[in-house]
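To start, the structure under review is shown below, and the notes come after it.
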Amino acid sequence: ISIVVLISGSGSNLQAIIDATQSGSIPARIDAVICNKEDAFGLTRAANAGLVTKVISHKDYDSREHFDQALQEIIDQFSPDLLVLAGFMRILTPEFVKHYSGRMLNIHPSLLPKYRGLNTHQRAIDAGEAEHGVTVHFVTEELDGGPNVLQARVPISEGETAESLAGKVLVQEHQIYPRAIKWFAQGRLKMEANQAIFDHKTL
Ligand code: GRF
């Protein structure tokens, strides 16, 4: 299948996905990496892997709607079967989300439905949680609210900082995102009626 990845930053999740496609673990090809920040390190990772990159800055558009329309036009040049949000730090319009319904995944650094939105690591520490983690989910119109596909948990230790916790969570992100994408690429995972459906015969 064909994948397009959207990023805004360091792209360490992108790197894990690149590695898994190159090793053959994910039966898919990444047709493009699209970024809304021209200086994002993820663009260097993509270029190093020989991937097509595109930069589209939201600052060049007068509204969220116009940015999303332009973004959608670029994405659809590649006709992807799956759109992967990997640290793409933009809230998407309902029209955009609808267009990719059932074929857009996101990774969010919390145990959803806990801690939607930003600063998840600090919020989990401040709340005195004993554990935290990360969720891969299908994207629906509800922000960080689509059906969960996979979660991984990490303990919150004594003296944990947001930074140390983010590091522990990131290690898990790099495990579960390629796994979820692999399932989708193999046709063992889909979204139907706002639910994630797994083919349990093969999982
Ligand atoms: C990750 O923590 C991801 O869960 C969040 O943004 C971060 C992206 O990291 N949505 P990277 O760019 O993949 O290194």
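Each reported figure results from applying straightforward, stated rules to the coordinates on display, with no laboratory input. These figures come from a predicted structure and were not determined experimentally. Because the Cβ atoms are built from the backbone with ideal geometry, glycine has one as well, and the counts that use them run over all protein chains shown.
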Extreme residue, positive dipole direction of the chain, given options Thr21, Ala124, Ile56 (C-beta unit charges): Thr21
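For Glu163 and Lys190 in one chain, what is 0.36 nm times their gap in residues minus the Cα-Cα distance, to one decimal in nm?
Result: 6.4 nm gained on full extension.
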Length released on extending from Lys59 to Asp81, taking residue separation times 0.36 nm less the Cα-Cα span: 5.1 nm
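Going by C-beta contacts inside 10 Å, put Ile125, Ile176, Ile107, Ile74 in order with the fewest on the left. Mind dumping the intermediate values first?
Details: Ile125 17, Ile176 20, Ile107 23, Ile74 14.
Ranked by crowding around the Cβ, least crowded first: Ile74, Ile125, Ile176, Ile107.
Ignoring everything except DSSP H segments at least 4 long, calculate the 222 nm mean residue ellipticity for the chain; use -39,500 (n - 2.57) per segment, divide by total residues, nearest 500. Kindly include the intermediate steps, with their values, before the conclusion.
On the way: 6 runs with 69 residues, N = 203.
Taking each H run of at least 4 residues, the total per residue is -10500 deg cm²/dmol.
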Cα lying deepest toward the dipole's positive end in the chain, options Ile7, Asn148, Cys35, charges on Cβ: Asn148
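To the nearest 20 debye, what is the magnitude of the charge dipole of the chain about its Cα centre, counting +1 on the Cβ of each Lys and Arg and -1 on the Cβ of each Asp and Glu?
Values: 19 positive and 24 negative charges, 116 e Å.
Dipole of the chain, to the nearest 20 debye: 560 debye.
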√(5λ) per eigenvalue of the Cα gyration tensor, region 117-193, largest first, Å: 26, 15, 9
Full-extension gain in nm, Ala49 to Leu143, via 0.36 nm per residue minus C-alpha separation: 30.7 nm
Euclidean distance between Cα centres, region 99-171 to region 37-58, Å: 25 Å
When the convex hull of its Cα atoms is projected in every direction, mean area for region 44-112 (nm²): 5.8 nm²
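Please give me the summed charge of the neighbours of Asp31: other residues whose Cβ is under 13 Å from its Cβ, Lys and Arg +1, Asp and Glu -1. Spell out each step's value before the answer.
Numbers: positive: Arg29, Lys54; negative: Asp76, Asp81.
Value of the local net charge: 0.
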Residue-by-residue Karplus 3J(HN,Hα) for region 149-154, coefficients 6.51, -1.76, 1.60, Hz, glycine and proline x: 10, 8, 10, 10, 10, 9
Phi-based couplings in Hz for region 133-139 (Karplus 6.51, -1.76, 1.60; Gly and Pro marked x): x, 8, 10, 9, 9, 6, 8
Length-normalised contact order of region 1-72 in % [C-alpha pairs under 8 Å, at least 6 apart]: 31 percent
Whole-Hz couplings from phi, Karplus 6.51/-1.76/1.60, listed for region 15-32; x for Gly and Pro: 4, 4, 6, 4, 4, 6, 6, 5, 7, x, 5, 9, x, 7, 10, 8, 7, 6
Cα pair distances in the chain, grouped into 10 Å bins until the bin that holds the longest one, percent each: 9, 35, 38, 17, 2
Straight-distance crosslink candidates among lysines, where the alpha carbon sits under 26 Å from Lys114 and sequence neighbours closer than 8 are dropped: Lys98, Lys168, Lys182, Lys190
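Relative contact order for the chain: what is it in percent, counting Cα pairs under 8 Å that are at least 6 residues apart? Spell out each step's value before the answer.
Details: 374 pairs, mean separation 40.0, N = 203.
Worked out over the chain, it gives 20 percent.
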Partner lysines for Lys59 [C-alpha distance under 20 Å; skip if fewer than 8 residues away on the same chain]: Lys37
Förster radius 35 Å - calculated FRET efficiency between Asp199 and Leu118, Cβ distance, rounded to 0.05: 0.55
Overall dimensions of region 72-164 by Cα: Rg and Dmax, Å: 15.0, 49
